[in-house]
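In what follows, a structure is listed as structure tokens, so that the remarks can point back to it.
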Amino acid sequence: MRPVAARLPSWAWVTGLTAGATVAVVALAVQAHHGPHPTAAVSRPGASAAARPHASASPQAPAVPALPDASGEGRRIVYSLAGKRLWLVDATGKPVRTFAVWPGTVDPRPGRYSITLRTQSLKGSDGVEIEHVMYFTKVSGVNVAFSNALDGSSPPPANGQKRGGIRLHKEDGAALWAFGDQGTRVTVVN
């Protein structure tokens, strides 16, 4: 009796090999799409990164900035004025996400605050349609809040006007909105 492989015509072999290769490529593509995507934001504001407190630097991926010391404990949002960066920190004190931001022209003072009001969308004081607006303090009559532009753009120059909006990239604004409810703690550090 001849083996089964010897009884198949050559076109069946080619078809089988092609189908097998296609299945392998699709499986790898699905795995790559749903697998981990470690990235770090260093050169452009808002490039999201999964924060790893002990991330090792490699030539391809710069190290993710560490959570600032003395930034509080527990679940919170940490905003670094000098670093122009936010960290979303879970209840265990572990950063779960960090990203760069565009600060307004009016900075909040270092200290501890909480989200006092959330607004889904509105027109910002600069005339730009914004969403995911989360207010946490007021400085010299200017509301200070996190938000992102609906169209994902960066804020225009303030031209000497007082602006308290701390703008994020669209995907970072959505992540912050999902993370922070009214009452969520915000720590501002230098």
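Counting Lys and Arg as +1 and Asp and Glu as -1, what is the net charge of the other residues whose Cβ lies under 9 Å from the Cβ of residue 122? Around residue 122, the charge tally is -1.
Between residue 66 and residue 117, the contour length at 0.36 nm per residue exceeds the Cα-Cα span by 15.5 nm.
Can you check what the Kirkwood hydrodynamic radius comes to for segment 88-190, Cα pairs only, in Å to one decimal? Kindly include the intermediate steps, with their values, before the conclusion.
Numbers: mean 1/r = 0.0722 Å⁻¹.
For segment 88-190, the Kirkwood estimate is 13.8 Å.
Bridging of residue 138 to aspartates and glutamates at a Cα separation below 14 Å is possible for 107, once same-chain residues fewer than 8 apart are set aside. Extending 7 Å from the Cα toward the beta-carbon at both residue 178 and residue 154 defines two label points whose distance is 2.6 nm.
Within a Cβ distance under 9 Å of residue 149, other residues only, what is the Lys/Arg minus Asp/Glu net charge? Provide the component values of the computation, followed by the final result.
Details: positive: 167, 170; negative: 129, 131, 151.
Summing Lys and Arg as +1 and Asp and Glu as -1 gives -1.
Residue separation of residue 170 and residue 109 scaled by 0.36 nm, minus their Cα-Cα distance, works out to 19.4 nm of gained length.
Read-outs: derived from the displayed coordinates by stated rules, not from any lab. Values in this document were obtained by computation on a predicted structure and should not be read as measured data. Neighbour counts run over all protein chains shown; Cβ positions are idealised from the backbone, glycine included.
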